[in-house]
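Q: Attaching a single structure in structure tokens format; questions to follow.
The values are calculated or read from the model by the stated rules, or taken from the named source; none is laboratory data. Quick caveat: nothing in here was measured; it's all calculated off a predicted structure. Don't worry about glycine lacking a Cβ; one is built from the backbone with ideal geometry, like all the others, and counts go over all protein chains shown.
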Amino acid sequence: MPRGKLPKRYGGIVTPLLLSLLMTCVVSAISLVRSQGLNPEVLAMWPSAWMLSWLVAFPVLLLVMPAVRRIVGLIVEA
């Protein structure tokens, strides 16, 4: 095992963790800027909006990822 890498068995947690962090970052920023405009107050609100959305998204992804993988397996060649 190369130094500094997690074992392969953690892929099922690391994938939704990174996906949820990146997607909620982008979506929360777009949502806030669209509804409030780009101003200092939005920049101050964004971290808490991001954290709240991530707290919802990560567990949801953990629950739905197995179903999503099965659906992808049905529509994409192996």
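Q: Restricting the search to region 32-59, which residues are surrounded by 15 or more Cβ atoms within 10 Å (Cβ to Cβ) and either closer than 28 Å to Arg69 by Cα or among the aliphatic types (A, V, I, L, M) (or both)?
A: Leu32, Val42, Ala49, Trp50, Ser53, Trp54, Ala57, Phe58
Q: Looking at the structure I just gave you, is Gly4 out of contact with any helix residue (DSSP H, G or I) (no Cβ under 6 Å at 6 or more places or on another chain) and in a helix (DSSP H, G or I)?
A: It is false that Gly4 is out of contact with any helix residue (DSSP H, G or I) (no Cβ under 6 Å at 6 or more places or on another chain) and in a helix (DSSP H, G or I).
Q: Let me ask something else about it. Which of the residues spanning region 49-69 are more than 15 Å from the chain's Cα centre (by Cα) and either modelled with pLDDT of 95 or more or more than 18 Å from Thr15 (Cβ to Cβ) (or both)?
A: Ala67
Q: Touching a residue at least 40 places away in the same chain (Cβ under 8 Å) and among the small types (Gly, Ala, Ser), is that true of Ser20?
A: Yes, satisfied.
Q: Does Gly4 satisfy being out of contact with any Lys or Arg (no Cβ under 6 Å at 6 or more places or on another chain), free of Cβ contacts under 8 Å to residues at least 24 places away in the same chain and small (Gly, Ala, Ser)?
A: Yes.
Q: Taking the options Trp46, Trp50, name whichever one is closer than 17 Å to Leu17 by Cα, outside any loop (DSSP other than H, G, I, E, B) and either in contact with a helix residue (DSSP H, G or I) (Cβ under 9 Å, 6 or more places away or on another chain) or in contact (Cβ under 8 Å) with a residue 12 or more places away in the chain (or both).
A: Trp50
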